[in-house]
Amino acid sequence: MAYDAVAPGSSQQSDPFTPPSDSVLWRKDFLLGAATASYQIEGAVSEDGRLPSIWDTFSATPGKVLAGDTGAVACDHYHRWEGDLDLLSRLNFEAYRMSVAWPRVMDEAGRPNRKGLDFYKRLLGKLKEKGLQTFVTLYHWDLPQHLEDRGGWLNRETAYRFADYADLMSRELSGHVDAWMTLNEPWCSAFLGYGNGHHAPGLANLRYATQAMHHLLLAHGLGTQALRANDPSSMKGIVANVGRGTGETSSAADQRAAHLFEVQHNAWILDPLLKGEYPSDLWELWPGAEPLVLEGDLQTIAAPLDFLGINYYFRTNVKSDGAHGFIESPLPDVERTQMGWEVSPDGLRDLLTGFHGTYANLPPIYITENGMASDDKVHNGAVEDPQRITFLKRHLAAVDQAVKQGVDIRGYFVWSLLDNFEWAYGYERRFGVVHVDYGTQQRTVKRSGELIAKFIEARKTKR
Ligand code: FCB
């Protein structure tokens, strides 16, 4: 198969990735980047004063992570960061989304840890030197364990500690960051962390999940105030993972089930952020699980955003549970990834156009994560990942369609630059456009990475 990128307008029959010439993807101001997160790649968990995080504790607990994997070494990025940033340049990416490990940069008393801060200063300085735009997430799930010991996100105080952290980071890193994201996927932190226990800290109580969500969103609001005060010229946003829900049949009950699926996955987060209220349907799904909300909290949470980060992976088909909820009803004979997730680019387009219709004040959007896992292997120094190539191409086409239907989307970050520690699934699930051999730490650019690089190169030289 020929993998050469082609110039816009020429025949693209043999090229499995390059977008058609009328795609928004050819616009030079549409940002193309790659994303990672601290715990998933850094390793070096007890170096230079880093404190334990909830993911160190959780992954060391037998039975929590597949094969007993932990982030102790991961991609050893803490030591190999320069080589990894060279990979970003080699792949022609224009932007990098990364996260800061909170337990690396602050001690238990809230004082700065210079060695941890210097790591991120060097890294961000190098990214700027290379001409990449920097998108920095403050909280990609690695809560300091000492805060969890005081109740974690169930304790309102954690939101204020997060604001202190945002304050420190924006004072220290102001000028190094183009776009700040307070939180990555509060749905996962709240629901998987406190609602069903699949993620750290591993608690399972719905009432906990809604209270944790409220404190996470409050942390976002308070943190954003600090970021605005210290670093006025950067963009401030938050990242939400969103899910498309469709009903098994066109019956009113199944359609209602699909609606409730999307309320639980999307509106639970987006309504407080963009409307200043929780969706009332949520309490139909989860009667009695309303969080304690203090006067003024929702105003803090709903302060204007400069952008919204959207992470999208799959669609879920559901049916009514016969009462007030939904149950999953997986479709047979659909394409799935190594995660078992259904491949559905239309789901992404439909969600984006739906949000555009629902939220009058929807800020500009960046797709801050999209990608897929496959069981990739190195053969003769190369990694062929045809499913990923088609997946990315189709999801980028869905983004293009949404833009053409009026949604303001400014960029797209592939998840992920590197194969990495995939949370409860450990190292088995490979999401990278670069393969990592965890025995030798050897990096091998996958075919998908080569094609992205060729496309960005072709775009740069396009007149
Ligand atoms: C998202 C996470 C990211 C990665 C992808 C596959 O939920 O934000 O860290 O694990 O899923």
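With a probe of 1.4 Å, find how much accessible area region 11-462 has per residue, and write the answer as a whole number in Å².
36 Å²
Take the alpha-carbon centre of region 262-324, take the same for region 234-254, and report the distance between them in whole Å.
Region 262-324 and region 234-254 have Cα centres separated by 10 Å.
Once the whole set of protein chains is in place, how much accessible area is left on I327, using a 1.4 Å probe, in Å² to the nearest 10?
So the heavy atoms of I327 present about 80 Å² to solvent.
Put L298, L183 in order of accessible area, largest first, 1.4 Å probe: what do you get?
Ranking L298, L183 by accessible area, largest first, yields L298, L183.
What's the extension gain from K404 to E157 if we count 0.36 nm per residue and subtract their Cα-Cα distance?
84.5 nm
Say each of E47 and R394 gets a label point 7 Å from the Cα, pointing the same way as Cα to Cβ; how far apart are those two points in nm?
If labels sit at E47 and R394, their model points lie 4.0 nm apart.
Pulled fully out, how much extra length does the chain show between E290 and L66, if you take 0.36 nm times their separation in residues and subtract their Cα-Cα distance?
Contour length minus Cα-Cα distance gives 77.3 nm.
Quick check: pseudo-label points 7 Å beyond the Cα along Cα→Cβ at H198 and R463, how many nm apart are they?
For H198 paired with R463, the spin-label model returns 5.2 nm.
Quick one: compute the contact order of the chain, relative version, from alpha carbon pairs under 8 angstrom and 6+ residues apart, as a percent.
After rounding, I find 18 percent.
Stretched out fully, how many nm does the piece from E129 to W283 gain, at 0.36 nm a residue minus the Cα gap?
Once the chain is fully extended between E129 and W283, it gains 50.5 nm.
Please report the accessible area of Y208 (heavy atoms, 1.4 Å probe, ligands and nucleic acids excluded) in Å², nearest 10.
Accessible surface of Y208 is approximately 90 Å².
Using only helices, what value at 222 nm comes out for the chain when you add -39,500 (n - 2.57) per DSSP H run of length 4 or more and divide by the total residues, to the nearest 500 deg cm²/dmol?
Taken over the chain, the calculation gives -11000 deg cm²/dmol.
For K377 and D149, FRET efficiency with R0 = 45 Å and r from the beta-carbon atoms, rounded to 0.05?
Efficiency computed from Cβ-Cβ geometry: 0.60.
Would you work out the charge dipole size for region 313-408 about its Cα centre, treating the Cβ of every Lys and Arg as +1 and the Cβ of every Asp and Glu as -1, and quote it to the nearest 20 debye?
Magnitude of the dipole: close to 180 debye.
Using 1/(1 + (r/R0)^6) with R0 = 22 angstrom and r between the beta carbons of M339 and E384, what's the FRET efficiency to the nearest 0.05?
Step by step, r from the Cβ atoms, then E = 0.70.
How large a share of the accessible area of the chain, in percent, is made up of carbon and sulfur atoms when the probe is 1.4 Å and the other protein chains stay in place?
Using a 1.4 Å probe with all protein chains present, the chain comes out at 50 percent carbon and sulfur.
The values are calculated or read from the model by the stated rules, or taken from the named source; none is laboratory data. Keep in mind it's a predicted model, so treat the numbers as computed, not measured. FYI the Cβ positions are ideal-geometry reconstructions off the backbone, even for glycines, and counts take in every protein chain you see. All accessible areas refer to the heavy atoms of the entire protein, side chains included, with ligands and DNA or RNA removed. Shrake-Rupley method; radii C 1.70, N 1.55, O 1.52, S 1.80 Å.
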